[in-house]
Amino acid sequence: MIFSDRAMAYRGKEIAYDDATGIAFSQSSRSGRFLYHSRASVLVHSPSVRIKIRFGYDGICRGGAEWEAMLALRRAMNYDQISDMVARRFGPHILLQMVAIIMQGRAVRIGSLEFDLKGVTSCGAFGSRKRANWSQLPEVRSASKAPWYSSKSTWGITEISYQSPPTGQMVVIGRTNSAEENGCLVPLLIETMKSQLAQ
């Protein structure tokens with residue numbers, strides 16, 4: 001894998017940073033009494049090229065310690081460094097594209113969340129919908145250890161909510177995660193749109 005000034009190349013495929021339309025990251029691990037299995041992947045795609053980098057590690061652990069599996073995967077495969085580079089190199093370009101689409105009056109969909117000029121909507125099961133307008137200042141809460149404003153949040157669940165004026169309670173609109181295409185960019189997208197449209 002090669003990161004140049006303008007593109008990433010991997011196994012004969014290349015995607016320019018400003019051509020990318022989506023990134024996604026996933027990690028999982030399972031551990032039994034003696035064995036553990038760790039898997040991870042990084043996905044980058046443009047309209048014409050798709051690159052998926054897979055990581056895997058199997059090993060022996062003591063007493064089913066799942067943390068050993070994740071630590072071994074990170075040491076053996078450089079998943080953290082590669083996912084960080086992908087998020088830093090591609091993330092800003094994809095974010096600019098999404099903001100431009102919204103400012104043109106169209107919607108951007110990330111998982112079950114839809115972003116438009118009015119706000120963010122979550123489409124749930126059986127057609128249910130929850131919405132927060134930009135003037136309601138939707139907030140992001142993340143289960144990841146990276147700060148909420150970071151484009152390198154490559155795992156964990158991101159929850160979008162707003163404070164209801166009558167009750168003062170937080171109302172959850174929806175959730176996304178980094179395994180969904182551009183899910184890791186939701187915190188930056190919300191903050192960018194609030195700053196531009198929450199007048």
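A short reminder: the numbers here are calculations on the coordinates, not readings from a lab. Note that the structure is predicted; figures quoted are calculated from it, not measured. Cβ atoms come from the backbone with ideal geometry, glycine included; neighbour counts cover every protein chain shown.
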> Arg39: net charge of surrounding residues, Cβ under 10 Å, Lys/Arg +1, Asp/Glu -1, itself excluded?
Replying inline: +1
> Tell me, what is the percent relative contact order of region 91-197, built from C-alpha pairs under 8 Å that lie six or more residues apart?
Replying inline: 25 percent
>> Once you order the gyration tensor axes a ≥ b ≥ c over the Cα atoms, which shape class does region 91-197 get: rounded for a/c under 1.5, otherwise prolate or oblate by comparing a/b with b/c?
In response: rounded
> Where does each of Val140, Val172, Val120 land when they are ranked from fewest to most other beta-carbon atoms within 10 angstrom?
Replying inline: Val172, Val140, Val120
> When a footprinting reagent is the concern and you count Cβ atoms within 10 Å, what order do Leu189, Leu96 take, fewest first?
Replying inline: Leu96, Leu189
>> Please compute the modelled spin-label separation between Met103 and Gln196, points set 7 Å along Cα→Cβ, answer in nm with one decimal.
In response: 0.4 nm
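Which order do Cys123, Cys184 fall in if you start with the one that has the fewest other Cβ atoms within 10 Å?
Cys123, Cys184
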>> Per-residue counts of other Cβ atoms within 10 Å, averaged by peptide: what ranking do you get for 11-17, 190-196, highest first?
In response: 190-196, 11-17
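Taking K and R as +1 and D and E as -1, what net charge do the other residues with C-beta under 13 Å from the C-beta of Lys52 add up to? Don't skip to the answer; put the middle values down first.
Numbers: positive: Arg11, Lys13, Arg39, Arg50, Arg54; negative: Glu181.
Charge balance near Lys52 sits at +4.
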